[in-house]
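Undergrad: Following this message is one structure expressed as structure tokens.
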Amino acid sequence: MTVSDFSSLLNRHMRRIRASAAGVASEIGMSREAVNNWRNGDSMPSRKHRDRVLACAAYLRLSELETNELLAAVGFEPEFPAEHVQELPAASAAVGSIMDRLQQLRPYPILMLLTQAHLGQPPERAAMLAEAQQRYGVDNVLHLQPPFSLHADAAGYFSALALQCGFAEVASDYAFEAALSLRLQSGRPLFCLVSRFEQGDPVLRDVLAGILRSLSEMHSGQLHLLICGGSALADLKYQGGDLSLLNIAASESWPELAAADVAVLADRLGIATFDAARILRLSGGHPLLAPAALALLAEAPARSDAELIQALATHAPLWQSFLPVLSDPAVRSAIAERLGQDRLAVAQPYLLDPLLRRLFWANLVVARRHPDGNWLEWRCAAVQRAGTLIIAELDIGA
Amino acid sequence: MNAPWLARLRGQVSWRRLLRVLAILAGVYVIGVLILRLWIANLTGFGPMQDHETAAMMGINWSEIARAQSDVVEHFEQHRSWPENPRAFYRLDDNGLLRIETPEPFVLRFGMSRGFAPETGLRDTWIRTRFDPATGRWDCQNDTPPLPRAWLRGDCLPPTQHWSPIEWLLFALTVAVAALILLLGGLALLDPRLAGLRKQPRRLRRQPISELPRLHRQLGWLRRRQSSLAAAEIAESDWREALSYAQADDDARAQMLALRVAARSRRSPGWSLPGQVYEWKLPPTLPLALDRALLYLPAAGTAARDLVRHLQSLQTGQDVLIVATRDAATDAALLAYASDTANLCVCLDQIAQCEWLLHPSPQDVLVAVLARQLRITRISPYQTRGGITRPAAFFGREQLLARVLNREPGNYLLVGGRQLGKTSLMKAIERRFAEHPRVYCHYLSLRDHRLGARLAAELDQPADTPIEALVALLAARAGQRRVLLLIDETDLFLREESRTGYAQLASLRSLSEEGRCHFMLAGFWDLYQATAIDYASPIRNFGEVITLGALEADACTALATEPLARLGIKFVQPELVQRLVQACGQRANLVAILCQHGLEQLERGERLLTEAHLDKAMDSDALLDALAGWARLSPDPADCAIDRIIVYRIAQTPAAPGETADAVQAALTLVELMQLLSSRQIAVAAEAVRGAFARLQLAYVVQRRGEGYAFAVPLFAAQFHAQEVDALLERELAALSAASASAQTGGV
């Protein structure tokens, strides 16, 4: 990718929603000049500005594919897994299981699907919508993606949601609620996938949550809600307090990668020979490290585990996940103490320790079941090694 | 031949019935002919005729015999002696068919001559007749060689063979009665179905539905119908209806089945199945989480294999499909398919249909059928989240309900933590007031601070309609009844009211004082603050405060056992139930979660919940998830920090040796906490600490124990790991200490 690729992409996306440079700048915490320089092709975001580019993509309401394209134009790793033509076997079973779980939650079929980083929100969205269409009927499936902007007005916010539902002339939250209520009066259950719920304007998000909760109450068992998100959504549920919608929602996690998934990943990468158990052990089932491990082994099959761990520990996405956590020296020393531990803490639906919570949602630690219960562990040795390397680098820099 | 009369006849007469009538007629004919023939033979004295010529010759002989007897009697009366030679009194005809001898006095012997053909068996046969001078009668008997029995005259037959027609009829009747008795006795004793009914009368409810008409007849023959129905607790009207079910068309069948379980049924067109599909709306009284289902009545004659194929390729969405089989031939295949809990198909076989129609509690039959053939989690009777919507899932709170229901409408403030049952209680009140002659009750759940706009939306009015106008509209809908408005989730509303000077709340108070409308407001901390702390709030003395805490122990036990019992499941020991209730701190949602998790663990066909199941449920993510979410009970972060310190400090208290995770923790006093805070140079007002304890108590996180506070739910301690809780407490204390130092510095 070149500077012109990035600038042309940025211009195209800004024009699409008529976003101004000032608006983008205010949203992502940059100066208007910097954004104008990007637009004109005079400069590119620096390596430390990946989060800003991501915020820009969110503000411009880019899809996962478009976000990945924009990041790639700067030379960053994709944020979301590539769109799959063929779904992972575990994913297929997980989609069915999630749909079954929704049924069990009647009369309040509200489920939060919480996913760690790099899994997508939701993972396997196309498969999920296809499954929903098969179960509920094509006309009874909605996909709500609340607008990203932190400064949206209520009319624009609900007008955008209404467009996603196929409603016309909606200019307020009450009009949106009325239109959705009318839709629910058909008597058939309505499936509604809400992705990236936690993003966007918090006040309007709470209003949307109130509407969905209210409709669930009024049309008991008819509105089947699947709310997808990650860290912020979990915080809203367990620390928000006021969102009754989330208080009565059940939560579900996405399953870990299995050997069959590794086989599909290998197939996608054109790798015929692989040791799935070894790949899972070395990558810890991390959605980005697993394909990386496959590729590394395909290049040099004779590599030892130690060599592979070292190679994976320098994998760019891993550093992008770890660096923001380790930027605080106090946190750095706390993590340095724990990098050698096999077990970090007892795993729980919501981790009380903020640091462990952050590491969990960054997909650096994982909950694993043992005979004596569920425990949080580092995902794999490569993650521990990457932590050590980054801390050493940062300490030298400091 | 399609004449209308023929069509009508076909409609009225079944071929089986026609054949049965014909068989009975044929039987009567054959038996009748046999009896009549014997009767006639006895009347005439003749057996069956071999041929007409011989019959004519025998006729001549019998005439000659009669003449000879008459002549010899005349001779005896004239001469007073019995002739030694027949020629003395009788002159034989010249046909030579008969020979006469007088072997002794008063005896004549007659022989059939050689004129008879040998195949008749009459040639050279003899009969002997004896005259009784006293009575003047002749006695006749066969001689040697004897005449064939078929040619003997009636008075010459042996005495035993001389049955009168009446005797014959009596004999036939006796035989018929005996046969009938044997038949009925055999039916009653040997028919396994009837024999089984005598031992277990309730088995009458579990017969193939198509067999009911036959059973109806058989029980009628045995005069046992009424007694059998009574013993099986089957209402006469139900029995009649079940009898008519077999002949009913699809619509009537669906309606009959639906009515039994109080479901609403309507045709559902557009299915690719052979037969008819109906959409059912199930009643809220059904003790299962199933509000709708589909009923499928297959077309007659559809092969079982084809039916299963159709069902396999069918997409029912998320609905359970109940298939009521047409005949026993398809039962086995459909039951096998439906028994796979991976699908949402339920087979209502011939026996289940009968039980459905005859059982005194048909909903129990529906529950049992669904529980056998579906994943138990698909229909679990436990609702683990949100306000309880089904009456069958609501337990306890009777005293609280009575406080509201048995009085004139007034204002109430329902205060309690999340998931403690505020919404469930309000919905129960709304259900009990439904169709009430004097009270019109309306439930409203706020989604934000805007009460007026929310009520307006509910009543289809513009969002800016004044609340007085909205209440007037409600009053108009209520007619002469008094209005009770149940307003749930009022915390955001009250927070906003507190900020803006309680304008809307004052309106509510005014409406209430005028008697136009009464209110029940439900909420948590903001409602509590407005009633107990904020002296400026017009909600003080607005209404009676109801604080919601633990569910009654008996109700918890009922919640843990009764829904399971409906599914045929129970705890292996009653002590387990008590342990469960105690570990949950009598929180209904936790009891429901543990029971639900127990159900999920049961293998197919397993009906007992063991200690291992309970232990696993107590360690489940579902329980931990329900216990989480206590960390932000107040909108003020500083309040939340004190809450966390209290909880972590209580969690630090070690459980006594040998105690389990659900063991009772020691209590923490307010003084101890203040000392802890002081030791870390944290300046917190005692009121703030007292408020934190009150908040945690209201949320049912802690409860009073002696001088201090301990976890209200023993299981609550399970979410804390010993080392982790130390670090968490230290972190909170450090953060609060830093904030306190910063505030003091700022203050200086």
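Undergrad: Only residues of the range A:359-386 count here: report those whose backbone N is under 17 Å from the spot 7 Å along Cα→Cβ of A:Asp305, or say none.
TA: Label zone hits: A:378-386.
Undergrad: For the modelled label position 7 Å from the Cα of B:Ala463 along Cα-to-Cβ, which residues of the range A:144-178 have backbone nitrogen atoms closer than 13 Å?
TA: Under cut-off, by backbone N: A:153-159, A:170-178.
Undergrad: Dipole of the range B:335-417 (Lys/Arg Cβ +1, Asp/Glu Cβ -1, origin at the Cα centre): which of B:Phe394, B:Pro362, B:Gln373 lies farthest to the positive side?
TA: B:Phe394
Undergrad: In terms of Cα to Cα distance under 19 Å, which aspartates and glutamates are near enough to B:Lys570, apart from those fewer than 8 places away along the same chain?
TA: Within reach: B:Asp364, B:Asp554, B:Glu562, B:Glu600, B:Glu603, B:Glu606, B:Glu611, B:Asp615.
Undergrad: If you take each beta carbon of peptide A:101-113 and count the beta carbons of other chains within 10 angstrom, what is the mean? Don't skip to the end; give the middle numbers.
TA: Working: counts 1, 1, 10, 11, 5, 12, 11, 6, 1, 2, 0, 0, 0.
Rounded to a whole number, the mean comes out at 5.
Undergrad: Along the Cα→Cβ direction, 7 angstrom out, place labels at B:Glu730 and B:Ala472. What is the inter-label distance in nm?
TA: 6.7 nm
Undergrad: Identify all aspartates and glutamates with a Cα-Cα distance to B:Lys199 below 13 Å; exclude those on the same chain that are fewer than 8 residues away in sequence.
TA: Straight-distance partners of B:Lys199: B:Asp191.
Undergrad: Shielding by partners for B:618-626, please: the mean number of other protein chain Cβ atoms within 10 Å of each residue's Cβ. Working shown, then result.
TA: Numbers: counts 0, 2, 0, 8, 3, 1, 6, 7, 2.
Shielding by partners across B:618-626 averages 3.
Undergrad: Here's a follow-up. At 4 °C and 1.567 mPa s, grab the translational diffusion coefficient of the protein assembly as shown from Stokes-Einstein with a Kirkwood Rh over Cα pairs, rounded to a whole number in µm² per second.
TA: Details: Rh = 37.4 Å.
The diffusion coefficient I find is 35 µm²/s.
Undergrad: Which helices, taking whole DSSP H runs in chain B, have alpha carbons extending 30 angstrom or more along the helix axis plus mean Kyte-Doolittle at least 0.0? Don't skip to the answer; put the middle values down first.
TA: Values: long enough: B:15-44 (43 Å, 1.48); B:52-79 (40 Å, -0.52); B:165-190 (36 Å, 2.30); B:722-747 (37 Å, 0.17).
Once both thresholds are applied, what remains is B:15-44, B:165-190, B:722-747.
Undergrad: Label-point separation (nm) for A:Asp153 and A:Asn36, each offset 7 Å from Cα along Cα-to-Cβ?
TA: In this crude label model, A:Asp153 to A:Asn36 measures out at 2.6 nm.
Undergrad: Now, a different point. So how do A:386-394, B:473-481 stack up, highest first, on mean other-Cβ count within 10 Å?
TA: Values: A:386-394: 17.6, B:473-481: 13.6.
Result, highest mean Cβ count within 10 Å first: A:386-394, B:473-481.
Undergrad: In Å, what Rg and Dmax follow from the Cα atoms of the range B:286-389?
TA: 14.1, 47
Undergrad: Where the centroid of each part is defined by its Cα atoms, how far is the range B:245-284 from the range B:528-592 in Å?
TA: 39 Å
Undergrad: Along the Cα→Cβ direction, 7 angstrom out, place labels at A:Asp100 and B:Glu544. What is the inter-label distance in nm?
TA: 4.8 nm
Undergrad: Please give the charge dipole size of the range B:454-537, origin at the Cα centre, charges +1 on K and R Cβ atoms and -1 on D and E Cβ atoms. Round to the nearest 20 debye. List each step's numbers first, then the result.
TA: Values: 8 positive and 13 negative charges, 65 e Å.
The dipole magnitude comes to about 320 debye.
Undergrad: Moving to a separate point now. Based on the alpha-carbon gyration tensor of the range B:197-240 and its eigenvalue square roots a ≥ b ≥ c, which shape applies: rounded if a/c is under 1.5, prolate if not and a/b is larger than b/c, or oblate? Walk me through the numbers before you get to the answer.
TA: Details: a/c = 1.15, a/b = 1.05, b/c = 1.10.
It is rounded, given that a/c, with a ≥ b ≥ c, falls under 1.5.
Undergrad: While we're here: What FRET efficiency comes out for A:Arg368 versus A:Ser327 if R0 is 30 angstrom and r is the Cβ-Cβ distance? Round to the nearest 0.05.
TA: Values: r = 28 Å, r/R0 = 0.92.
So the FRET efficiency works out to roughly 0.60.
Undergrad: Nearest 0.05, what FRET efficiency do B:His436 and B:Gln675 give at R0 = 41 Å with Cβ-Cβ as r? List each step's numbers first, then the result.
TA: On the way: r = 55 Å, r/R0 = 1.34.
Using R0 = 41 Å, I get an efficiency of 0.15.
Undergrad: Quick one: work out Rg over Rh on the C-alpha atoms of the range B:400-444, Rh as Kirkwood radius. Intermediate results must be reported in sequence, preceding the final value.
TA: On the way: Rg = 10.8 Å, Rh = 11.3 Å.
Over the Cα atoms of the range B:400-444, Rg/Rh equals 0.95.
Undergrad: In peptide A:211-221, how many Cβ atoms from other protein chains are near each Cβ within 10 Å, on average?
TA: Values: counts 2, 1, 5, 9, 1, 2, 11, 3, 0, 6, 5.
For this peptide, the per-residue mean of nearby foreign Cβ atoms is 4.
Undergrad: Continuing with the same structure: Quick one: go through the range B:235-275 and flag any residue whose amide nitrogen is under 15 Å from the point 7 Å out along the Cα-to-Cβ line of B:Ser210.
TA: Label zone hits: B:245-248.
Undergrad: Additional query: Using the Cα centre of the protein assembly as shown as origin and beta-carbon charges of +1 (Lys, Arg) and -1 (Asp, Glu), tell me which of B:Ile569, A:Ala386, A:Gly270 is placed farthest towards the positive end of the dipole.
TA: B:Ile569
Undergrad: List the DSSP H helices in chain A whose Cα atoms stretch 18 Å or more along the helix axis and whose mean Kyte-Doolittle hydropathy is at least 0.0.
TA: Details: long enough: A:3-16 (20 Å, -0.69); A:89-104 (23 Å, 0.19); A:202-218 (24 Å, 0.72); A:381-397 (24 Å, 0.94).
TM-like helix candidates: A:89-104, A:202-218, A:381-397.
Undergrad: Next question, about the same structure. Suppose only helical runs count, i.e. DSSP H with n ≥ 4. What mean residue ellipticity at 222 nm does that imply for chain B under -39500 (n - 2.57) per run, divided by all residues and rounded to the nearest 500 deg cm²/dmol? Display every interim value, and only then the final one.
TA: On the way: 29 runs with 360 residues, N = 748.
Dividing the helical sum by the residues of chain B leaves -15000 deg cm²/dmol.
Undergrad: Using the Cα centre of chain A as origin and beta-carbon charges of +1 (Lys, Arg) and -1 (Asp, Glu), tell me which of A:Leu111, A:Ser220, A:Ala302 is placed farthest towards the positive end of the dipole.
TA: A:Ser220
Undergrad: Provide the FRET efficiency to the nearest 0.05 for the B:Arg202-A:Ser186 pair, computing r from the beta carbons and using R0 = 51 Å. The partial results should precede the final answer.
TA: Values: r = 44 Å, r/R0 = 0.85.
About 0.70, to the nearest 0.05.
Undergrad: Let me know the shape class of the range A:240-330, please: from the alpha-carbon gyration tensor, a ≥ b ≥ c as square roots of the eigenvalues, rounded when a/c is under 1.5, otherwise prolate if a/b is greater than b/c, or oblate. Intermediate results must be reported in sequence, preceding the final value.
TA: On the way: a/c = 3.38, a/b = 1.57, b/c = 2.16.
Cα axes put the range A:240-330 in the oblate bin.
Undergrad: Can I ask one more? Counting Lys and Arg as +1 and Asp and Glu as -1, each charge on the Cβ, what is the dipole of the protein assembly as shown about the Cα centre in debye, to the nearest 20?
TA: With Lys and Arg at +1 and Asp and Glu at -1, about 2400 debye.
Undergrad: If you count the DSSP beta bridges with both ends in the protein assembly as shown, what percent of them are antiparallel, to the nearest 5? Display every interim value, and only then the final one.
TA: Details: 39 of 88 bridges.
For the protein assembly as shown, the DSSP antiparallel bridge percentage is about 45.
Undergrad: List the residues, sorted by chain then number, that are 5 or more residues from A:Leu190 or on another chain and whose placed amide H is less than 5 Å from its amide H.
TA: Here the answer is A:Leu223, A:His224, since their amide H atoms fall under 5 Å of that of A:Leu190.
Each reported figure results from applying straightforward, stated rules to the coordinates on display, with no laboratory input. None of the values given here were measured: they were computed from a predicted structure. Ideal geometry is used to build each Cβ from the backbone, glycine not excepted, and the neighbour counts take in all protein chains shown.
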